[in-house]
Amino acid sequence: MANWKESIKIIAKKIEIGPIWSKTGLLKQIIQDFEVLIKDIEYDAIATVEMGGIIYAAPLSAKTGKPLLIFRKLNKITYTKEKYVEEFINWKNETDGIEIEKALLEGRNNILFVDDIIETLSTVKAVNKILGQTESRIVQYISIGNISQRTEYNGIKIQSLINQM
């Protein structure tokens, strides 16, 4: 079986992970590597922002038995006004935003956040701002790749399986 890291490309100082989850056995390897990374972390739930992070957060949630919280893209939650919303400038330098139903965060004090690639920290900043309105907090932010080179943000430890080279 191929190693999932062999499928990663670094092009113009950007990590390109592509559809590595679609190759036989590679998603399983990634989840196993994430499990090693988080083995000593206490958390109540796993969270991510749609879309890229779901591919990794969902199987990790299934494997650990922890609930999965999905922060949606701006204006996707139309069935309730009981939600938290945060707008920000994304890595493409465009206005973007996320939202999550208020009820999903109730009783979820310690959240493990999963992402595919960390570039500008705009995602963790927006999620952290929303959680600042609640009893919840991110206990660790994990990803496949980290272009930002940051290992911490506002007291949140950032770990990645691959760091920019």
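The values are calculated or read from the model by the stated rules, or taken from the named source; none is laboratory data. Since the model is a prediction, treat every value here as computed from it, not as a measurement. Positions of Cβ are backbone-derived with ideal geometry, glycine not excepted, and every protein chain shown enters the neighbour counts.
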When the residues of segment 80-101 are narrowed to those that are part of a loop (DSSP other than H, G, I, E, B) and farther than 20 Å from Ile156 by Cβ, which ends up nearest to the chain's Cα centre (by Cα)?
Lys92
Considering residues of segment 136-165 that are in contact with a Leu (Cβ under 9 Å, 6 or more places away or on another chain), surrounded by fewer than 20 Cβ atoms within 10 Å (Cβ to Cβ) and modelled with pLDDT of 90 or more only, the residue nearest to Phe34 (Cα to Cα):
Gln159
If only one of Leu69, Leu121, Leu104, Leu161 is within 20 Å of Asp40 (Cβ to Cβ) and either under 16 Å from the mean Cα position of the chain (by Cα) or touching a residue at least 24 places away in the same chain (Cβ under 8 Å) (or both), which one is it?
Leu161
Count of segment 106-135 residues which are modelled with pLDDT under 90, within 17 Å of Lys157 (Cβ to Cβ) and not in a helix (DSSP H, G or I)
2
